[in-house]
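Read through the structure below, which is laid out as structure tokens, and then see the notes.
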Amino acid sequence: MSEVRVRPATPDDAAEIAHVQVASWRSAYRGLIADATLDALDEGRRTDAWSEAMAQPYHVAVVAEVDGEVVGFADGGPNRAGEPPFGAFTGELNAIYLLPTHQRAGIGKRLVRAFVDALRAQGHASMIVWVLETNPARAFYEALGGRLVGAAEVVIGGERYPDVAYGWDDLDALARRLENPSTSG
């Protein structure tokens with residue numbers, strides 16, 4: 001069995017995070033968003049964007065490595081939404097992605113746990129995440145006890161898509177849930 005290591009991301013991880021993001025989007029979102037948008041994804045531009053994002057204050061990012069290779073990441077920080085009911089959450093999980101070859105192996109839960117710990121260290125007590133309404137990965141957030149908070153639209157590649165938000169009112173309770181190996185997800 002390969003060793004999985006979850007650790008804080010560094011700016012040196014930007015290219016590997018970009019690779020995971022592009023590969024994950026092309027796999028997970030094919031049929032959910034426009035093919036042209038997925039085909040136009042560029043790892044070089046994503047690397048630049050990740051380098052810039054990781055330089056921001058209060059940014060939180062963790063990566064999962066298998067045998068020294070980054071295979072997944074979770075990213076976020078303070079909640080970007082201010083309007084009710086979404087603004088009631090202090091932290092936000094902006095992104096969590098795994099290479100398709102490493103999904104459904106418990107790595108996603110480990111990423112969420114490390115991310116939640118980092119948010120808690122910054123003083124956040126609650127968290128929100130947005131997910132495409134048609135994305136089957138919604139079941140992951142539901143299995144972790146996320147409650148449906150509401151819906152909005154997101155623009156991706158110039159097209160509008162329905163988006164839903166899941167929230168956790170108590171990150172301490174979520175951390176305890178993630179400690180339990182029998183937790184679904």
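The values are calculated or read from the model by the stated rules, or taken from the named source; none is laboratory data. Computed from a predicted model, the values in this text were never measured in an experiment. When we count neighbours, we look across all protein chains shown, and the Cβ atoms used for this are built from the backbone with ideal geometry, even at glycine. Calculation scope for accessible area: heavy atoms of the full protein, side chains included, ligands and nucleic acids excluded. Shrake-Rupley method; radii C 1.70, N 1.55, O 1.52, S 1.80 Å.
Observations, loosely collected:
- For the range 142-151, the tally of residues that are free of Cβ contacts under 8 Å to residues at least 40 places away in the same chain and under 19 Å from G77 (Cβ atoms) stands at 1.
- Options R120, R113, R160, R80: the member that is part of a helix (DSSP H, G or I), within 26 Å of H19 (Cα to Cα) and not polar (S, T, N, Q): R113
- Screening R147 against (1) open to solvent by 70 Å² or more (accessible area, probe 1.4 Å); (2) over 15 Å from the mean Cα position of the chain (by Cα); (3) modelled with pLDDT under 95 leaves a single unmet condition, (3).
- Which numbered condition G108 misses (of (1) under 25 Å from P57 (Cα atoms); (2) assigned to a loop (DSSP other than H, G, I, E, B)): (2)
- Any chance S2 is within 18 Å of the chain's Cα centre (by Cα), in contact (Cβ under 8 Å) with a residue 40 or more places away in the chain, surrounded by fewer than 16 Cβ atoms within 10 Å (Cβ to Cβ) and more than 30 Å from D170 (Cβ to Cβ): no
- Filtered residue count, the range 119-138, keeping only those that are surrounded by fewer than 20 Cβ atoms within 10 Å (Cβ to Cβ), touching a residue at least 40 places away in the same chain (Cβ under 8 Å) and more than 12 Å from the chain's Cα centre (by Cα): 7
- For beta carbons closer than 9 Å, sequence separation of 6+ or different chains, a first residue in the range 47-68 that is without any contact (Cβ under 8 Å) to a residue 60 or more places away in the chain and a second that is assigned to a loop (DSSP other than H, G, I, E, B) and hydroxyl-bearing (S, T, Y), the qualifying pairs are M54/T10; A61/T10; V63/T10.
- L119 farther than 20 Å from G77 by Cβ and at pLDDT 95 or above: no
- Restricting the range 85-104 to residues that are without any contact (Cβ under 8 Å) to a residue 24 or more places away in the chain and more than 24 Å from A53 (Cα to Cα), the residue that is surrounded by the fewest Cβ atoms within 10 Å (Cβ to Cβ): R104
- Applying the set (1) crowded, with 19+ Cβ neighbours inside 10 Å; (2) on the phi < 0 side of the Ramachandran plot to G77 leaves exactly one unmet item: (2).
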